[in-house]
Structure formats: C-alpha cells, structure tokens
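The values are calculated or read from the model by the stated rules, or taken from the named source; none is laboratory data. The structure presented is a predicted model; accordingly, all values stated were derived computationally and were not measured. Here the Cβ positions follow ideal geometry from the backbone for every residue, glycine too, while neighbour counts run over all protein chains shown. In case anyone asks, the SASA skips ligands and DNA or RNA and just uses the protein heavy atoms, side chains included. Shrake-Rupley method; radii C 1.70, N 1.55, O 1.52, S 1.80 Å.
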Amino acid sequence: MDDEYAKLIRRMNPPRVVVDHNASGDATVIQVDSVNKHGILLEVVQVLTDLNLVITKAYIASDGGWFMDVFHVVDHDGKKIRDKEVIENIKRRIEKSASFAPSLRGSVGVMPSEEHTSIELTGTDRPGLLSEVCAILTNLHCNIVNGEIWTHNARAAAVLHVTDDSTGCAIKDPERLAKIKEMLFNILKGDNMKTAKTTLSPPGVTSRERRLHQIMFADRDYQRFENSSVGQADDQSLRPHVSIMDCDERDYTIVTMRSKDRPKLLFDIVCTLTDMQYVVFHGMVKTGRKEAYQEFYIRHVDGLPIGSEAERERIIQCLEAAIERRASEGLELELSITDRVGLLSDITRIFRENSLCIKRAEITTKVGKAKDTFYVTDVTGDPVDPKSIDLICKQIGKPALRVKQNWNFSPKPPEEKTKAGLLFGYFFSTRTLQNFKLIRSYS
C-alpha cells in the first residue's frame, strides 16, 4: 500500500526540469524539482553523466518530501549547453528517470541479452591479465564489442559485452556459457579471482559504471594492505582528503571531500553513498583550479546519523576508493581503427609484450569502428618509456594509436582544511561551531 501511495504522489506531482542559460555567466543551470525518493539524486546525476555533461557546481536540498537540486553544467569544451535537441533530451531523461522507482541491483555473473552477453569479473590485478582474458575469449569465438576495466588497490574489475563472432548476437547456449566461465576460471583461479555466478537477470538493471563500483565494493578494494600498490598509487599527495563531522543540532553527519577534479566525480561519490544506504539531504559541490570540494549532510536510510567509529572509518575508506577507482593514472592512449574479431586480444598482447600495464580501459564499438581508450604505466607503475610507445605505434600503426594525454603528475598537497559547514551555512543559520564536534579526518 505504501508503494502504491508513493506512485500516486509521483503521478500527481511529476518532476519539473528548468534549463536556464542566463542564471550563470559560465555554465548552463539545470534546476530539478521532484517528489523525493531514495536514489533520486543518483538517477539525476547519472543522466547528466551519461550525456557527457561536466558538473562544475551543485546545490542539493532534499529535506522532507521534496527534492530541489541545482546543477551548473558545461560540455567537455567548457561551454554552455546551447543545442536545443540536447536540452530537450536532458529534460526528457531526467523527468522519466525521476518518475520511476530505483532499479534493483544486478548480480555478478554471465548475463545474456538479445544484443550481447555481459561478463563480469573481479580479482587480483597483475600485468597481462586483460591480455590473457581477451585471448581466451577470442579462442572461444567471442568478440568483445564494449567493456570497461578498472584497477584499484591491487584489485581489478571488468564488465565486458561479448557477441558470437559468427552471428554478431548474444551467446545463449547454456553449455557454451558454462565453457566460457570454466575457461576464464582456469585463468583467474591462480590469482585467487572470484568466479562469476550465472543469472538470467536482463541487461540494463544498473549502469555499467555503477556495476563496477558495486563489484569492487563487494570485493573490498577499499581495504589497503602493505605492498598492495606501486608507483604513482603510493604518492600520498595524490590521495583525496575526506573528513567527517557531526551536526548535533540537526542530527546530520557532515562529509567533506577535497580531491583533484575530474569528469564523473560527483557520480562516483553519490553512487557509493547510495549503495552504502546513505541519503544526502543537503550538499554542495564546487570545482575550480583542477580541484573539487564536496560537502554533504547525510543520514542512513533509517534516518539516523553515523553512530560508530568503525562506521566512520568505513565511509572514509569507501569514499576514498570511489574517488580513486576512476582517477586517471599513467599515459592515455586512444585507439581508433576498423573493428575485427580478435582486435582487442592483439592490442593487449602487444601492450604486454612491451611491458605495459593497463590500469584502466574503455572499450567501445560503433558502426564497425573500434574506439578504445587505455591508461597505461610500465609494470612497476612508473611512467612509460617513450621508446616503448614509438615501438608500439609502429606495430599497431601510428594513425590508429595516438597518445592523448599524460596523467602522471605530482600536484601539491591539499590546502589547509576548510571548516566543514561554513560554505553551507545558509541552510542552518542558527548553527554555531560549538554544535559540531570533529570526529575524524584522513588525508
């Protein structure tokens, strides 16, 4: 009855999306008003992220039964969104997304669909692992058409969409699916990798990026161990700064984060908080000078603030991991070439033979054209020798492979800690600093 009543309220109060070009001098302002529900912030942020919009500022307010958020967005060139078709698409997708209940979480496994079969993997990272996985799939007559691979804290996770190399369709034969799982397991078991479960869940239950967050979270990649990483990952100046405070007056927990700015950062944070069953009641996001500051007032879904030291430590670890998983590390290589069966197997083999380690990858195929992005280091995690890149370009072909950007950097450490809540004081005008007690902070 409660679910039916909630649906009735949403039908009576459809979401309202306003796009304003004049409210800000350097960004398009999107205001979303809707009936509040758990997960709605993630749904709206995911729509903006899927449309490749960059969120430069955000103001979040969802106390009570109403959700009122404001987002300042630009395109990847830093310009306002002027295309009328894009604007209408933004409105349509946000209104549709906010009108329905959140999607159920998918499960790890081999998931068949009409267009492709989705294979999800997670386990210990090591040089050449992706190359071996691609080689096995090619030998089993599977063509990888799309996928994404993340590595973090000596762990690896992948979501790969494969088709039958002869029909171009999804693989549905149960015996063949079992064979694929068995062969992948034989490669992965030596590294204590977890086997996937087979499920009949349809594709699209959750986004691929959210699934990667869920997979790595379930694999506890947020737990750090000695000697778990090398090279750039050990540089403490690269680590995000996360702190937690109590707001006793309003029974909120305040979470503040300062890190290097990058695309999809807000999505990664909100995705993690949502999957950990926390609700953002108020918040702000501010970016500038390649740094991002985020401040959220949260409670658990049961309405209570964070109550224990162990819970605080876990939230800090998980948010640090969420920020770091997609952080670009190493040399960014872009491959643009006509697709063919076994292409990814050949490319990753060439990388492995030249002692490159893939830290992250995005695999995309459209209209017979493969456009893949790889972030690579050498096997020790250090920058790649330019001579190795020249040799690889000669093997693959210089027009097909190009160096896009070098993400190896050594930024200065974060600035002095900002007193949490001061930037957001207009929500709680009666609050004083005596209402807050600093619980714990990590940098």
Exercise. Take the Cβ-Cβ distance between residue 405 and residue 176 as r, set R0 to 25 Å, and report the resulting FRET efficiency rounded to the nearest 0.05.
Key: 0.05
Self-check item: Approximate spin-label separation residue 382-residue 289, in nm, with each point projected 7 Å along Cα-to-Cβ
Solution: 3.3 nm
Exercise. Report the net charge of residues surrounding residue 334, where surrounding means a beta-carbon distance below 9 angstrom and charges are Lys +1, Arg +1, Asp -1, Glu -1.
Key: +1
Quiz item: Alpha carbon centre of the range 157-192 versus the range 313-383: separation in Å?
Solution: 20 Å
Exercise. Give me the number: length gained by fully extending residue 393 to residue 186, i.e. 0.36 nm times residue separation minus the C-alpha to C-alpha distance, one decimal in nm.
Key: 71.3 nm
Practice problem: Counting only C-alpha contacts under 8 Å and six or more residues apart, can you give the relative contact order of the range 261-347 as a whole percent? | Solution: 26 percent
Quiz prompt | Gained length - residue 313 relative to residue 84, 0.36 nm times residue gap less alpha-carbon distance | solution = 77.9 nm
Self-check item: Local net charge near residue 365, Cβ-Cβ under 11 Å (Lys/Arg +1, Asp/Glu -1)
Solution: +2
Quiz item: Given labels modelled 7 Å from the Cα in the Cβ direction, how far is it in nm from residue 341 to residue 38?
Solution: 4.7 nm
Self-check item: Using a Förster distance of 41 Å, the FRET efficiency for residue 139-residue 223 (Cβ separation, nearest 0.05)
Solution: 0.75
Exercise. Scan around residue 169 for amide H atoms under 5 Å from its own, H built in the peptide plane at 1.01 Å from N, and keep only partners 5 or more places away or cross-chain.
Key: 164
Practice problem: Note down the nm distance, to one decimal, between modelled labels 7 Å out along Cα→Cβ at residue 367 and at residue 115. | Solution: 1.6 nm
Quiz item: What ranking do 52-59, 343-350 get when scored by the average of other Cβ atoms within 10 Å per residue, highest first?
Solution: 343-350, 52-59
Quiz item: Fully extended, how many nm does the chain gain between residue 92 and residue 300 (0.36 nm per residue separation, minus their Cα-Cα distance)?
Solution: 71.8 nm
Quiz item: Considering only protein heavy atoms, what per residue accessible area in square angstrom results for the range 266-329 with a 1.4 angstrom probe?
Solution: 34 Å²
Exercise. May I ask you to derive the FRET efficiency for residue 334 and residue 63 from their Cβ-Cβ distance with R0 = 45 Å, giving the value to the nearest 0.05?
Key: 0.55
Quiz prompt | Pairs from 264/286; 371/404; 96/264; 57/359; 359/404 whose Cα-Cα separation, in the structure shown, is over 18 Å | solution = 96/264; 57/359
Quiz item: Could the peptides 167-175, 277-285 be put in order, highest first, of the mean number of other beta-carbon atoms found within 10 Å of their residues?
Solution: 277-285, 167-175
